[in-house]
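In what follows, a single structure is set out as structure tokens and then discussed.
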Amino acid sequence: MTAHKILGPLLVVVIAACGGTEASSAMSGVPAAAEPAGPERIVSISTVATEMLFAIDAGDRVVAVDSMSDYPAEAPATDLSGYQPNVEAILGFAPDLVVLSYDPGDVVAGLEAAGIATLLQGAAYTLADTYDQITALGAITGDVDEAAVLVADMQSEIADLAASVQERDEPLSYYHELDDTLYTVTSSTFIGEVYALAGLVNTADAADPDGASWGYPQLSAEYLLDADPDLIFLADTRCCSQTAATVAERPGWETLTAVTNGAVVELDDDVASRWGPRIVDLLRVIVDSVNAIS
């Protein structure tokens, strides 16, 4: 009989700029870590899980990752799709553990029928969820100690960065751009929690007061011009080729405080959207940007 076990709390629905998926963390199949040596052939169909696996020193057992998993550089990228995972293609790598972030078309059931253990981890909703997912990966791969060290290091670095934020009489405001159609995030999202650690106030909160947009509203240029954020963070530098220069060229935006003060920050899209170990790097950029403003 197949064992089922929930690893960490059940995460809630998360709506991303490009659509929504149900975020969950669940294992199916025989727990590979129950075997003395743990899983020896891991396939990751999740960009975040790929980063986590290598960060807990399980990378040497990762035999294939999806086509979008481009970090770290040594990750064995393939043409496996993260959007439309294919059971037959995955089985071609003879895995004994498959980690996924999305399960369309009963992929997990298909892998389970083939006797393959799986771990399904959707998008994290809070920093605590990220820590839980790292812990779950450590448990199923047998890298419990390494996962615990990673979580502790992340928590320590994040606490140090938050404590280093310059004190101000009035908090600074910000706008986080997901794409050039002005989709953004509110304080109720994962990214909103990260910005709050830097003492920032989200200018988009008033645009989604009842949570109708699940924390991902689309703003108008007029709204942003009226809100006049102190900082603008661009998480669409890769997808949409946005830069501080292109922002300054938008009609009327040249007068925004963030533009005139040189406080338009170009983020790495991947670091800003993959909520794993590199969240520390994202917070460091945010804190440095905040502290640079006199």
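The values are calculated or read from the model by the stated rules, or taken from the named source; none is laboratory data. All of these numbers come straight from a predicted model, not from anything done at the bench. Heads up, the Cβs are rebuilt from the backbone with ideal geometry, glycines too, and the neighbour counts pull from every protein chain shown.
State yes or no: is Ala94 assigned to a loop (DSSP other than H, G, I, E, B) and more than 24 Å from the chain's Cα centre (by Cα)?
Answer is yes for this residue.
For every residue, the table says whether it meets (1) surrounded by 17 or more Cβ atoms within 10 Å (Cβ to Cβ); (2) among the basic types (Lys, Arg).
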residue	(1), (2)
Tyr71	yes, no
Ala77	no, no
Val87	yes, no
Gly142	yes, no
Leu161	yes, no
Arg168	no, yes
Pro171	no, no
For the stretch 197-204, indicate whether the set of residues that are touching a residue at least 60 places away in the same chain (Cβ under 8 Å) and farther than 17 Å from Ile293 by Cβ is non-empty. no
Identify all residues within the stretch 43-68 that are within 16 Å of Asp153 (Cα to Cα) and either touching a Cys at 6+ places or on another chain (Cβ under 7 Å) or without any contact (Cβ under 8 Å) to a residue 24 or more places away in the chain (or both); write none if there are none. Phe54
Mind checking which residues of the stretch 229-245 are touching a residue at least 40 places away in the same chain (Cβ under 8 Å), out of contact with any Asp or Glu (no Cβ under 6 Å at 6 or more places or on another chain) and more than 25 Å from Tyr125 (Cβ to Cβ)? Asp230
Odd one out for Thr118, checked against (1) free of Cβ contacts under 8 Å to residues at least 24 places away in the same chain; (2) not in a helix (DSSP H, G or I): (1)
Any residue in the stretch 43-51 that is at pLDDT 95 or above, farther than 12 Å from Val99 by Cβ, not assigned by TED's automatic domain parsing to the domain that holds Gly276 and not hydroxyl-bearing (Ser, Thr, Tyr)? no
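Of all residues in the stretch 102-115, which are surrounded by fewer than 24 Cβ atoms within 10 Å (Cβ to Cβ) and either modelled with pLDDT of 95 or more or over 20 Å from the mean Cα position of the chain (by Cα) (or both)?
Gly105, Asp106, Val107, Val108, Ala109, Gly110, Glu112, Ala113, Ala114, Gly115
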Against the definition (of a type outside the set (Ser, Thr, Tyr), more than 18 Å from Trp275 (Cα to Cα) and outside the structural domain of Asp270 (by TED's automatic domain parsing)), how does Ala117 come out, yes or no? yes
Out of everything in the stretch 240-294 that is touching a Lys or Arg at 6+ places or on another chain (Cβ under 8 Å) and not in a loop (DSSP other than H, G, I, E, B), what residue ends up being surrounded by the fewest Cβ atoms within 10 Å (Cβ to Cβ)? Asp270
Tyr131 surrounded by 15 or more Cβ atoms within 10 Å (Cβ to Cβ), out of contact with any strand residue (DSSP E or B) (no Cβ under 9 Å at 6 or more places or on another chain), hydroxyl-bearing (Ser, Thr, Tyr) and under 26 Å from Phe190 (Cα atoms): yes
Run Ala212 past the list (1) surrounded by fewer than 20 Cβ atoms within 10 Å (Cβ to Cβ); (2) under 23 Å from Asn261 (Cα atoms) and report the number of the one that doesn't hold. (2)
Assess whether Gln155 counts as being surrounded by 24 or more Cβ atoms within 10 Å (Cβ to Cβ) and of a type in the set (S, T, N, Q). no
Among the residues of the stretch 200-239, how many are part of a loop (DSSP other than H, G, I, E, B) and of a type outside the set (S, T, N, Q)? 19
